[in-house]
Amino acid sequence: MDASYYVGIAGLIVGILGIAYAAYENRTRKKLSNYIRAQNWHLYSKANNANGSVQLALNKYKEIPPDHMNLEVLEWLSKADAFGQDVFKDVIRQIQVSEPVFNSKTIKRWVAEGRIAEKHALLFEMLTPANQSLERDVLKGHN
């Protein structure tokens, strides 16, 4: 047996090990991808709850007679609302990046399934490829 035989065997072994490692890495990547997707949806739910609570507190505070209001409290509630909106939009962007299919049809399905609120669908829609140019206007301050 000459050297080319041993090189061929070594190449075969390296090839088989490479395929096994690629399969392992693919499975690991898929697990990580599924975990990230689940985490993004969990964060969406938490951000939605937190932001809704801040908005409710802000609206309740605005019902107080003006002479009993503390303007600093009003300012901080307004800032908390703005920060919450920003986090909420970032979570939606994370969902867009992590979902295998992110288009209008998918968003409509999520609304129908109750996965997202209908009032949030516009924020999701702004991130679909067809609406990328609209994204700047909506995500910079309009709900």
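Readers should treat all values here as calculations from the given coordinates under stated rules, not as data from a laboratory. Because the structure is predicted, anything quoted here is derived from the model rather than measured. Please note: Cβ atoms are built from the backbone with ideal geometry, for glycine as well, and neighbour counts cover all protein chains shown.
Between Ala112, Ala38, Ala23, find the one with the highest GNM mean-square fluctuation for the chain; connect C-alpha pairs within less than 10 Å.
Checking each option, the largest mean-square fluctuation is seen for Ala23.
Might you report the magnitude of the Cβ-based charge dipole of the chain about its Cα centre, with Lys and Arg at +1 and Asp and Glu at -1, to the nearest 20 debye? Could the numbers behind the result be given before it?
Working: 18 positive and 15 negative charges, 100 e Å.
Charge dipole of the chain: 480 debye, to the nearest 20.
Classify the range 12-117 as rounded, prolate or oblate, taking a ≥ b ≥ c as the square roots of the eigenvalues of its Cα gyration tensor: rounded when a/c is under 1.5, otherwise prolate if a/b is larger than b/c and oblate if not. It would help to have the intermediate numbers written out before the result.
On the way: a/c = 5.18, a/b = 2.85, b/c = 1.81.
In terms of gyration-tensor shape, prolate.
Rank Tyr24, Tyr35, Tyr44 by mean-square fluctuation in a GNM of the chain with C-alpha springs under 10 angstrom and give only the top-ranked residue.
Tyr24
What FRET efficiency do you get for Asp81 and Asn103 if R0 is 30 Å and r is their Cβ-Cβ distance, rounded to the nearest 0.05?
On the way: r = 30 Å, r/R0 = 0.99.
The pair Asp81/Asn103 has a calculated efficiency of 0.50.
Projected onto the charge dipole of the chain (+1 at Lys/Arg Cβ, -1 at Asp/Glu Cβ, origin at the Cα centre), which of Val7, Pro100, Pro65 gives the Cα projection farthest towards the positive end?
Val7
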